[in-house]
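Below is one structure, written out as structure tokens; comments come after it.
The values are calculated or read from the model by the stated rules, or taken from the named source; none is laboratory data. Keep in mind that what you see is a predicted model, and the values were worked out from it rather than measured. Positions of Cβ are generated from backbone atoms using ideal geometry, with glycine treated the same way; all protein chains shown enter the neighbour counts.
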2 protein chains.
Amino acid sequence: MVQYQATVDRAFHALADPTRRAVVERLGIGAASISELAEPFGMSLTGMKKHVRVLEDASLVTTSKVGRARMCMLVPYAFEGISTWLQRLDRFAQVVERTKGVA
Amino acid sequence: MVQYQATVDRAFHALADPTRRAVVERLGIGAASISELAEPFGMSLTGMKKHVRVLEDASLVTTSKVGRARMCMLVPYAFEGISTWLQRLDRFAQVVERTKGVA
């Protein structure tokens, strides 16, 4: 349970940065190398590697060496747990809103 | 856009803490005072107030004074944007996984 919580902590922390969210969106359309990810941000490879490492530590992105490039891709189903949790909360909040003052 | 990004940053940051996620889950079953939220964690009111403030700054929780207590509740639809975004990513990741090596 503590391990699960730590993974969720890392996932939310990783997504609390707009550059990392943009990287994740880019990977949503397919795998990309570190340099392909860095280029549109005008970012150094070192800077992008750090962001990718945070996403990797959070088990949201996986990387593999392909020739001289390091290719990055989204981990399938990685977002399923937290998105289901958030949707459930939203349904509860809507029910609470609708029943306010009824009881 | 920058304003929207900052709000999303704050939402993910707020949810990157297990105590704050537990508070949000508790509020999923209905409004609660700061002391009702603090009690199960054996936490001081001051400590819980800080967590609630972070959730309030992220527009996930709203509070109001009721008599001598400060009541907290979830903001309806607050999680909708980020949960939709995460679901979409997950669908993309699954498509990428299924089509790997097909092209």
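The table below gives the values:
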| read-out | value |
| --- | --- |
| Residue within the range B:25-35 that is of a type in the set (A, V, I, L, M, F, W, C), facing chain A (nearest Cβ under 9 Å) and more than 26 Å from A:Thr7 (Cβ to Cβ) present | yes |
| Filtered residues of the range B:43-72 (kept if under 26 Å from B:Ala6 (Cα atoms) and small (Gly, Ala, Ser)) | B:Gly47, B:Ala58, B:Ser59, B:Ser64 |
| In the range A:1-42, the residues that are of a type in the set (Phe, Trp, Tyr) and touching a Phe, Trp or Tyr at 6+ places or on another chain (Cβ under 9 Å) | A:Phe12 |
| Residues within the range A:44-93 that are away from chain B (no Cβ under 13 Å) and in contact with a Leu (Cβ under 6 Å, 6 or more places away or on another chain), tallied | 1 |
| Filter pass, B:Thr19 being surrounded by 13 or more Cβ atoms within 10 Å (Cβ to Cβ), farther than 27 Å from A:Ala6 by Cβ, within 14 Å of another protein chain (Cβ to nearest Cβ) and modelled with pLDDT of 95 or more | no |
| Unmet requirement for A:Glu39, which otherwise passes all of (1) surrounded by 16 or more Cβ atoms within 10 Å (Cβ to Cβ); (2) under 24 Å from B:Tyr4 (Cα atoms); (3) out of contact with any Gly (no Cβ under 6 Å at 6 or more places or on another chain); (4) without any contact (Cβ under 8 Å) to a residue 60 or more places away in the chain | (1) |
| Which numbered condition B:Leu45 fails, given (1) within 29 Å of A:Leu74 (Cα to Cα); (2) touching a Ser or Thr at 6+ places or on another chain (Cβ under 8 Å); (3) surrounded by fewer than 18 Cβ atoms within 10 Å (Cβ to Cβ) | (1) |
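Listed here are the residues, each with its yes/no results for (1) farther than 16 Å from B:Phe92 by Cα; (2) within 10 Å of the chain's Cα centre (by Cα).
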| residue | (1), (2) |
| --- | --- |
| A:Leu15 | yes, yes |
| A:Gly28 | no, no |
| A:Glu36 | yes, no |
| A:Arg68 | yes, no |
| A:Met73 | no, no |
| A:Ala78 | no, yes |
| A:Arg98 | yes, no |
